[in-house]
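Here is the structure we will look at, set down as structure tokens.
Values in this text are rule-based calculations from the coordinates and carry no lab data. None of the values given here were measured: they were computed from a predicted structure. Quick reminder, even Gly has a Cβ in these numbers, built from the backbone with ideal geometry, and neighbours come from all protein chains shown.
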Amino acid sequence: MRVSRYFMPVLKENPAEAQIVSHRYMLRAGMIKQQAAGIYSWLPLGLRVLNRIQQIVNEEQERAGHIPLLMPTLQPADLWRESGRYDDYGQEMLRIKDRQDREMLYGPTNEEMITDIFRAHVNSYKDLPLTLYHIQWKFRDEMRPRFGVMRGREFLMKDGYNFDVDKPAALHAYNRHMVSYLRTYERMGLTAIPMRADSGPIGGEDTHEFLVLAATGESEVFFDSAVTELRLGTREVDYDNREEVAAVCKEFTTLYARTDETHDPALFDAIPEDRRKVARGIEVGQIFYFGTKYSEAMGATVVTADGSKVPVEMGSHGIGVSRLLGAIIEASHDDKGIIWPEGVTPFPVGIVNLKQGDAAADAACEGLYKALAAKGLEALYDDREERAGAKFATMDLIGLPWRITVGPRGLANGVVELTSRRTGVSEELTPEAAVTRIAEIYAGV
Ligand code: ATP
Ligand code: MG
């Protein structure tokens with residue numbers, strides 16, 4: 001993409017309404033535009049990151065054997081009357097009437113609808129296990145929408161639902177989700193710690209929230225600092241192997257890590273003092289096992305191997321897709337702007353032409369742009385007639401992890417400059433070597 005042809009309305013001034021750094025940088029980098037309280041348009045740069053995050057979520061869900069579908073945003077109220085949640089949900093639910101005076105709602109979550117799909121089509125244990133998920137817009141009329149996409153009213157969520165014949169199978173699904181989520185967040189460059197939590201209106205017995213540590217987080221969290229060292233890394237996990245998956249979960253949930261809702265001071269005090277941490281965190285996901293809460297209320301049953309009819313065992317599992325942009329920026333920025341991890345960056349690399357109009361510099365930039373494209377890497381090429389300082393400031397603000405700087409002086413020696421946004425370290429290389437280096441960096445992403 002050439003900056004001269006792109007739509008990236010960068011702001012020079014700090015917007016007054018933004019209280020936290022992620023909101024400020026998303027507005028300044030021209031990623032989002034507020035349309036009403038807690039409701040945003042996703043401008044091209046923001047959409048690219050949102051799409052990258054969705055892609056990672058999809059890949060990791062499918063790797064775990066979970067199946068994508070797509071349910072609508074609008075739902076009939078009657079489904080929610082069956083589960084009893086229509087009245088319970090309160091003012092957070094946006095209620096709508098259509099022209100026939102039928103009661104509808106903009107879905108805040110989809111337990112009822114997925115249970116309705118299940119009961120219409122599945123009735124035998126032979127069709128289980130089954131996990132269906134979608135990535136769809138949700139609406140919750142939050143009392144205090146704030147912090148940009150972190151607490152929106154309309155927001156994008158991945159929500160998945162498992163259906164299993166018995167409790168051990170459902171707990172395996174729970175564990176499978178935990179492992180797939182750990183991998184998902186790591187690919188986004190995040191450390192998201194699973195913490196024992198409270199189930200709230202979804203209901204149920206077992207639940208963990210995934211929290212990214214950040215001073216601006218809305219949750220108070222208590223943990224053993226050793227938990228922040230744990231990494232899944234590139235190890236292969238066989239998602240069908242119950243023991244193996246359970247062992248990974250055990251590894252990640254044995255050290256103390258809880259939100260304030262489930263905090264136990266006695267257990268916390270047993271941690272060696274230098275590892276006892278109280279901090280703030282951003283909730284980027286939550287998994288629930290709730291058994292037969294919805295299947296009993298809505299008559300979703302399966303016939304088991306011995307011929308008996310039982311309500312299907314369920315759980316639900318959510319990732320805050322749009323909130324993740326904010327969380328990633330909170331965790332990865334400096335005073336010049338965003339620092340995108342390679343996994344989610346809107347463009348893998350930026351090209352800055354120091355002297356637009358100089359024949360050699362223009363030709364070298366075009367050459368780099370095409371050579372990167374040939375390797376499947378779409379660079380953002382700043383080809384505007386602008387001061388070098390302004391081009392650097394824009395690149396730093398929008399946070400591409402790598403920048404190639406091209407100018408007549410370097411070219412006279414046959415080199416361009418490759419700079420890491422994270423470390424600020426630059427090195428001079430030939431244009432060919434720079435392309436090879438970038439391709440190597442992204443080969444493993
Ligand atoms: P919170 O406690 O932050 O209000 P929640 O526990 O009500 O969230 P869940 O029902 O667990 O939310 O939804 C799954 C995920 O969706 C959350 O972990 C969070 O990342 C995201 N999410 C929830 N509410 C919002 C919101 N208003 N704006 C953006 N993302 C949200
Ligand atoms: Mg939650």
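The table below gives the values:
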quantity: Set of aspartates and glutamates with alpha-carbon distance to K126 below 13 Å, sequence-local pairs under 8 removed; calculated: D164, D166, D306
quantity: Share, in percent, of DSSP beta bridges within region 349-443 that are antiparallel, nearest 5; calculated: 55 percent
quantity: Furthest towards positive pole of dipole, G444, L132, I32, structure part the chain, Cβ charges; calculated: I32
quantity: Subset of K97/K158; K250/K293; K33/K355; K12/K336; K277/K336 violating a 21 Å alpha-carbon distance limit; calculated: K97/K158; K250/K293; K33/K355; K277/K336
quantity: Cleavage-rule hits, trypsin sites (Lys or Arg not before Pro), region 10-48, DSSP coil, Cβ neighbours within 10 Å at most 14; calculated: K12
quantity: Long-range amide H partners of T262 with built H, under 5 Å; calculated: none
quantity: Max mean-square fluctuation residue, GNM over the chain, Cα-Cα springs under 10 Å, options L354, L230, L213; calculated: L230
quantity: Inter-part distance where region 331-393 and region 82-140 are each reduced to a Cα centre, Å; calculated: 44 Å
quantity: Share of pairwise Cα separations in region 281-394, more than 23 Å, in percent; calculated: 59 percent
quantity: 3J(HN,Hα) from dihedral phi, region 331-339, Karplus parametrisation 6.51/-1.76/1.60, rounded to Hz, x for glycine, proline; calculated: 7, 8, 7, 9, 6, 9, x, 6, 10
quantity: Percent of C-alpha pairs per 5 Å bin, region 349-443, short to long; calculated: 2, 15, 27, 28, 20, 7, 1
quantity: Diffusion constant of the chain at 20 °C, which comes from Stokes-Einstein with the Kirkwood Cα-pair radius and 1.002 mPa s, µm²/s; calculated: 90 µm²/s
quantity: Highest-MSF residue in the chain out of M31, M71, M395 [GNM, Cα springs under 10 Å]; calculated: M71
quantity: GNM result for the chain, Cα springs below 10 Å: residue of N175, N162, N241 fluctuating most strongly; calculated: N241
quantity: Cα-based shape type of region 87-226, given that a ≥ b ≥ c are square roots of the gyration tensor eigenvalues and the cut on a/c is 1.5; calculated: oblate
